[in-house]
Amino acid sequence: METQKNVNLAALTTFKIGGPAREFVAVKNREELLEALHYAKRENLPYYILGGGSNVFFDDRGFNGLVIKLEGARGMQLIDENNIYVWAGENLGSVVNFATEHSLVGMENLAGIPGTIGGAVRGNAGAFGTSMSDLVEMVEVVGADSLEIKTFRVAECQFAYRRSLFKENTQWIIVAIKLKLQKGVREVIAEKVKTTIRQRNEKQPTGWVGCAGSFFENPIVAKRELIVRFEKETGAKSQDGKVPAGWLIGEAGLKGKRIGGIEVNEKHANFVINVGGATAQDLIIMTSFIKQQVRKLGVQLKEEVEFRGY
Ligand SMILES: Cc1cc2nc3c(=O)[nH]c(=O)nc-3n(C[C@H](O)[C@H](O)[C@H](O)COP(=O)(O)OP(=O)(O)OC[C@H]3O[C@@H](n4cnc5c(N)ncnc54)[C@H](O)[C@@H]3O)c2cc1C
């Protein structure tokens, strides 16, 4: 296995932030992934698993180890009427298209979320009321220490809002996923996919360059008056006491706020954007500032996006 040296990580993330990886390898299947993990073990190198790079930003100095990027390779199989078996490095959008082509219902609300399906399962990504956990039947992983393959049924994956066993325990690297979908009508599914993408474009800045989607998780808010104000102002309903982080950031008066190359988006304030030349330090300063200001409303925000240090 050949690794590349000093690979620019900024180019491999949607934030476009971060220095070089000491070593880098792209893998397209389970065997290549295992080989890369063996190599890291043998060379005593710390490693980092990267998917589409749409929910992470790297240190300005880069990463002092091996970055293993899971890449798509058209590794999708229809294994019976309702099930798709998919390599973790496939692009989520390609899986949505594959499901549509095979008239399978379930994934339409996830259309337009960037990144790989492995990354989406790990963070239990979701939109418009659907989360990956609604669609997963089984997850195949490799243990980082044992390098053995193991499978988890959905009930064992500890899925919750933007959470999973694999996020809490980085020992497990997702290799493949078995999805359970329902039979439907292809044209209807395709139309729903289009509607989802249109709705996303209305709410969010378009294009993937310069951000990682929502930076903070939507918090559960204890203060009743804040929930009442949110519902009155937006006409939306708080679900399980949650209030969108973007609304709170707007309430804190931070829309359009700029620090270095980072700006809080006017359209969707939970999107902090690299408007050009931003460093990881700019982003850390900005997001710490946001947390501090939102805390004045009595709410503690928590990052959804991961920072990977040197
Ligand atoms: C414009 C935009 C819009 C977005 N909208 C949404 C949205 O609507 N809903 C939503 O939930 N998210 C959204 N996101 C965030 C992001 O797209 C998702 O979190 C996505 O699922 C991340 O996948 P990835 O492959 O890019 O992960 P990466 O960013 O590459 O990695 C994220 C984390 O997952 C780990 N990881 C990646 N692959 C694996 C694997 N195979 N096994 C174990 N760990 C792994 C990485 O080590 C890292 O810790 C958006 C992002 C952008 C840029």
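Each reported figure results from applying straightforward, stated rules to the coordinates on display, with no laboratory input. Quick caveat: nothing in here was measured; it's all calculated off a predicted structure. Positions of Cβ are backbone-derived with ideal geometry, glycine not excepted, and every protein chain shown enters the neighbour counts.
Hey, what do the phi angles of the stretch 81-97 turn into as Karplus ³J(HN,Hα) couplings, whole Hz, using 6.51/-1.76/1.60 and θ = phi - 60°, x for Gly and Pro?
3, 10, 10, 10, 10, 9, 5, 4, x, 5, 5, 4, x, 5, 5, 4, 5
In sequence order, what are the phi-derived ³J(HN,Hα) couplings for the stretch 37-53 according to the Karplus relation 6.51 cos²θ - 1.76 cosθ + 1.60 with θ = phi - 60°, rounded to whole Hz, with x for glycine and proline?
Rounded to whole hertz, the list is 5, 4, 4, 4, 5, 4, 8, 6, 9, x, 10, 9, 8, 10, x, x, x.
How long is the gain from residue 45 to residue 295 if the chain were fully straight, where each residue apart is worth 0.36 nm and the alpha carbon distance is subtracted?
Result: 86.1 nm gained on full extension.
Using 1/(1 + (r/R0)^6) with R0 = 25 angstrom and r between the beta carbons of residue 148 and residue 168, what's the FRET efficiency to the nearest 0.05?
Computed FRET efficiency for residue 148 and residue 168: 0.80.
Please sort 76-86, 214-224, 140-150 by packing, taking for each peptide the average over its residues of neighbouring beta carbons within 10 angstrom, highest first.
Working: 76-86: 16.0, 214-224: 17.6, 140-150: 14.2.
Top to bottom by mean Cβ count within 10 Å: 214-224, 76-86, 140-150.
Report the equivalent ellipsoid semi-axes for the stretch 76-199 in whole Å, largest first, defined as the square roots of five times the eigenvalues of the gyration tensor built from alpha carbon atoms.
Ellipsoid half-lengths, sorted descending, are 25, 15, 11 Å.
Quick one: plug the Kirkwood hydrodynamic radius of the stretch 4-70 (C-alpha pairs) into Stokes-Einstein at 10 °C, 1.306 mPa s, and report D in µm²/s.
Numbers: Rh = 11.8 Å.
So the translational diffusion coefficient is about 135 µm²/s.
Would you mind checking which residues have amide H under 5 Å from residue 75's amide H? H placed 1.01 Å from N; only 5 or more apart, or other chain.
Close amide H contacts, sequence-distant or interchain: 87.
Counting only residues 5 or more places away or on other chains, whose amide H sits under 5 Å from the amide H of residue 60 once H atoms are built in the peptide plane?
For residue 60, whose amide H was placed from the backbone, the distant partners under 5 Å are 19, 280, 281.
In whole Hz, with x marking every Gly and Pro, tabulate ³J(HN,Hα) for the stretch 164-172 from phi via Karplus 6.51 cos²θ - 1.76 cosθ + 1.60, θ = phi - 60°.
7, 4, 6, 7, 6, 10, 6, 4, 9
Hey, what number do you get for the chain at 222 nm if only DSSP H runs of n ≥ 4 count, each worth -39500 (n - 2.57), divided across all residues, to the nearest 500?
Details: 8 runs with 86 residues, N = 310.
For the chain, the value works out to -8500 deg cm²/dmol.
Name the aspartates and glutamates eligible as straight-distance cross-link partners of residue 242: C-alpha to C-alpha under 12 Å, and not fewer than 8 places from it in the same chain.
The reachable aspartates and glutamates, counting only those whose Cα sits under 12 Å from residue 242, are 217, 231.
Cα to Cα, under 16 Å, and not fewer than 8 places away if on the same chain: which lysines meet these conditions relative to residue 192?
183
May I ask for the distance between the Cα centers of the stretch 4-81 and the stretch 286-310, given as a whole number of Å?
If you average the Cα positions of each part, the centres end up 26 Å apart.
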